[in-house]
Amino acid sequence: MPRYFADSAESIVADALAGFASAHADLVSHHPDHGYLRTRNRSPERRVGLVSGGGSGHEPLHAGFIGAGMLDAACPGRIFASPHNRQIFEASRAVAGPGGVLHIVKNYTGDRINFGIAAERLAHEQIPCARVLVDDDLATDSEDIVVGRRGTGATLIVEKILGAAADEGRGLDELAALGAEVARRSRSLAVASAAHTTPGTGGRAFELPDDVLEFGVGIHGERAEGTTPVMPLGQLVRTMTTRLLAALPDTPRPRVLALVNGLGATTSLELYGIHHALTAALDDTGVALDRSLTGTLVSALDMRGFSLSLLATDDELLRLWDAPARTPAWPL
Amino acid sequence: MSATPTSAPHHLTYDTTAAWLSRFATTAESVEPELTALDQRAGDGDFGTNLAGGMAGVRRALDALSDAPPAGRDSPAVPLATAARVFLDDVGGTSGPLFGLLLQELATAVATNPATAGTRELAAGTAAGAAAIQRVGEAEVGDKTLVDALVPAALALAECAPDTEPGQSLHQAAAAAHEGARATTDLRARRGRASYTGDHARGVPDPGAMAIALLFASYDDALSSLHQLP
């Protein structure tokens, strides 16, 4: 594994978790026996614990968003592999409030099954549990895809808004409904100019010629359905934005919250340039940009790419987005 | 099965459920190469190993229990709950923990009536296990998964009179599960790892479904061996 600063593909996740726990010891505690991280601070109003998780390699998602105003616990799996149901079950038991526990799950088969098994175990212990499924990836919106759209960048938006709502003492059903609504109003699309490095092999997950982009790429090295020739950035972002806006549900006034997200090896310099192009594209279409967030937040190891996520917002969602949060990676 | 002993116990006991699982552990170990071969042709190749490893863990947990005070060994639910915990906590992959859900529901159903648990509880537990697995895995009969064996087994148990001797009703369940597992041979998988291999899975029965059939069949064998004890 020559390209990563890590001793081996086997140790990369465990070493990072240990380091994360010590770097943020004031905010999170690490429970290595059961494989989860949990917050040290929590609003006294919160009645429902929020738990998320998934394969590693998407940092700072999810562990970076544990803390007051966001998640109560996160369960990291191996690189791009679902966490074990035991991690999710133990984390959920540890952070469940009097109103139970809500699972925020990206739509992938392994994650659905392992969170589902944990939910069955929680039911056996009479711990109320519900699930929000995030399925925002426009590239996988096809009737041929039986398992539905993948869950990607909008997961962070769901975690932020639900965190704020949970801090207001809302109940499980209300939070689950709110999460489903945020997911329904969110779509994402990603492009890449180069695949990530696979830790096990040290090689690129796939190869791309210099003059094309993978258009609609996944966050695990899943190739897109197609490629597109390299084009000016403004044109690329406008194409993506137009498709995203067309997929959002109709709202009385077109207004969005935007996440400009790096996939791991895209610089801040580039991401802000992309944000500039996004602003222009929205201006052209008369859509108001209410809030935005730019950074490497839902990554795919060191993929050279970016994703755009748009949420069709309203005053209430904005209020929850603006609520304070204190976690290792929340930037606002 | 004609070998069912005439003195078959009318209710489940700690000894019969422990012997049942122990017998299934032996079976899982002996068929591991076949299950692995099936899973290599149609899935990701780890099912046989996970099942055998999980059942080896169950056997160790049951051995540890045999040294526990008798109070810990007074219910037929205890071995089932022990096995459920091992499968849910310690087995990797997807099918293993789903197996754990079935065992958990069987344990819960048997625990509602530990002194007289029998066919009624086995039917309730199997139906609840099938429902839980379907809630989680979203598979229907015909998708070429362990559900193809489990749902027929639950139906067979439900059709038995509630006072049927457990060996007899589990024998019926095993036959129905076996039939369901065999019927997966010609199917194209729609769920699980095998769904990614398309037509490669045709001609190969689903290993998870086969394992469900073997689980129910192991009770008969366990009773025979219990009765052969001096």
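The values are calculated or read from the model by the stated rules, or taken from the named source; none is laboratory data. Since this is a predicted model, take the numbers as computed values, not measurements. Cβ sites come from the backbone with ideal geometry, for glycine too, and all protein chains shown count toward neighbours. Heavy atoms of the whole protein, side chains included, go into the accessibility calculation; ligands, DNA and RNA do not. Shrake-Rupley method; radii C 1.70, N 1.55, O 1.52, S 1.80 Å.
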Inset, instruction - Please tell me if A:Arg223 is open to solvent by 30 Å² or more (accessible area, probe 1.4 Å), assigned to a loop (DSSP other than H, G, I, E, B) and either touching a strand residue (DSSP E or B) at 6+ places or on another chain (Cβ under 8 Å) or acidic (Asp, Glu) (or both). - result: yes
Inset, instruction - Output the number of residues of the stretch A:89-118 satisfying the condition of being open to solvent by 10 Å² or more (accessible area, probe 1.4 Å) and either closer than 20 Å to A:Leu27 by Cα or more than 14 Å from every other protein chain (Cβ to nearest Cβ) (or both). - result: 7
Legend entry - Matching residues, the stretch A:226-246, being in a strand (DSSP E or B) and exposed (fewer than 14 other Cβ atoms within 10 Å of the Cβ): A:Gly226, A:Pro229
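Answer yes or no as to whether A:Ala300 is open to solvent by less than 60 Å² (accessible area, probe 1.4 Å), more than 18 Å from A:Asp136 (Cβ to Cβ) and among the hydrophobic types (A, V, I, L, M, F, W, C).
no
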Inset, instruction - Report, by residue number, each residue of the stretch A:42-88 that is within 14 Å of another protein chain (Cβ to nearest Cβ), assigned to a helix (DSSP H, G or I) and open to solvent by 10 Å² or more (accessible area, probe 1.4 Å). - result: A:Arg86, A:Gln87
Legend entry - Filter pass, A:Ala23 being under 22 Å from A:Asn85 (Cα atoms) and open to solvent by 50 Å² or more (accessible area, probe 1.4 Å): no
Legend entry - Filter pass, B:Gly54 being modelled with pLDDT of 95 or more, within 30 Å of B:Arg73 (Cα to Cα) and open to solvent by less than 70 Å² (accessible area, probe 1.4 Å): yes
Legend entry - Tally of residues being in contact with a helix residue (DSSP H, G or I) (Cβ under 6 Å, 6 or more places away or on another chain) and either open to solvent by 10 Å² or more (accessible area, probe 1.4 Å) or farther than 10 Å from B:Thr27 by Cα (or both) across the stretch B:210-225: 11
Inset, instruction - Determine which single condition B:Ile133 fails, assuming it passes every other condition in (1) touching a residue at least 12 places away in the same chain (Cβ under 8 Å); (2) under 21 Å from B:Thr26 (Cα atoms); (3) at the interface with chain A (Cβ under 10 Å from one of its Cβ atoms). - result: (2)
Legend entry - Residues of the stretch B:58-92 classified as assigned to a helix (DSSP H, G or I) and either more than 14 Å from every other protein chain (Cβ to nearest Cβ) or among the hydroxyl-bearing types (Ser, Thr, Tyr) (or both), total: 17
Inset, instruction - State whether one or more residues within the stretch A:135-148 are in contact (Cβ under 8 Å) with a residue 40 or more places away in the chain, away from chain B (no Cβ under 11 Å) and hydrophobic (A, V, I, L, M, F, W, C). - result: yes
Inset, instruction - Return the only residue of A:Asp111, A:Asp72 being within 24 Å of A:Glu174 (Cβ to Cβ), modelled with pLDDT of 95 or more, in contact with a helix residue (DSSP H, G or I) (Cβ under 6 Å, 6 or more places away or on another chain) and not assigned by TED's automatic domain parsing to the domain that holds A:Gly203. - result: A:Asp72
Inset, instruction - Restrict the check to the stretch B:103-120 and report whether at least one residue is away from chain A (no Cβ under 14 Å), more than 23 Å from A:His84 (Cα to Cα) and without any contact (Cβ under 8 Å) to a residue 40 or more places away in the chain. - result: yes
Inset, instruction - Considering every residue within the stretch B:85-96, establish whether at least one is at pLDDT 95 or above and more than 14 Å from B:Asn50 (Cβ to Cβ). - result: yes
Legend entry - Within the stretch A:247-262, tally of residues that are part of a loop (DSSP other than H, G, I, E, B) and among the polar types (S, T, N, Q): 1
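Confirm whether A:Glu159 is of a type outside the set (Phe, Trp, Tyr), assigned to a helix (DSSP H, G or I) and touching a helix residue (DSSP H, G or I) at 6+ places or on another chain (Cβ under 6 Å).
Yes; evaluated as a whole, the condition is true for this residue.
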Legend entry - Hits in the stretch A:121-153 - residues which are open to solvent by less than 20 Å² (accessible area, probe 1.4 Å) and not aliphatic (A, V, I, L, M): A:Arg121, A:Asp136, A:Asp137, A:Thr140, A:Gly151, A:Thr152, A:Gly153
Inset, instruction - Inspect the stretch B:168-179 for any residue being more than 14 Å from chain A (Cβ to nearest Cβ), open to solvent by 10 Å² or more (accessible area, probe 1.4 Å) and in contact with a Gly (Cβ under 8 Å, 6 or more places away or on another chain) and give the result as yes or no. - result: no
Inset, instruction - Go through A:Gly54, A:Gly64 for me and flag whichever is on the phi > 0 side of the Ramachandran plot and at pLDDT 95 or above. - result: A:Gly54
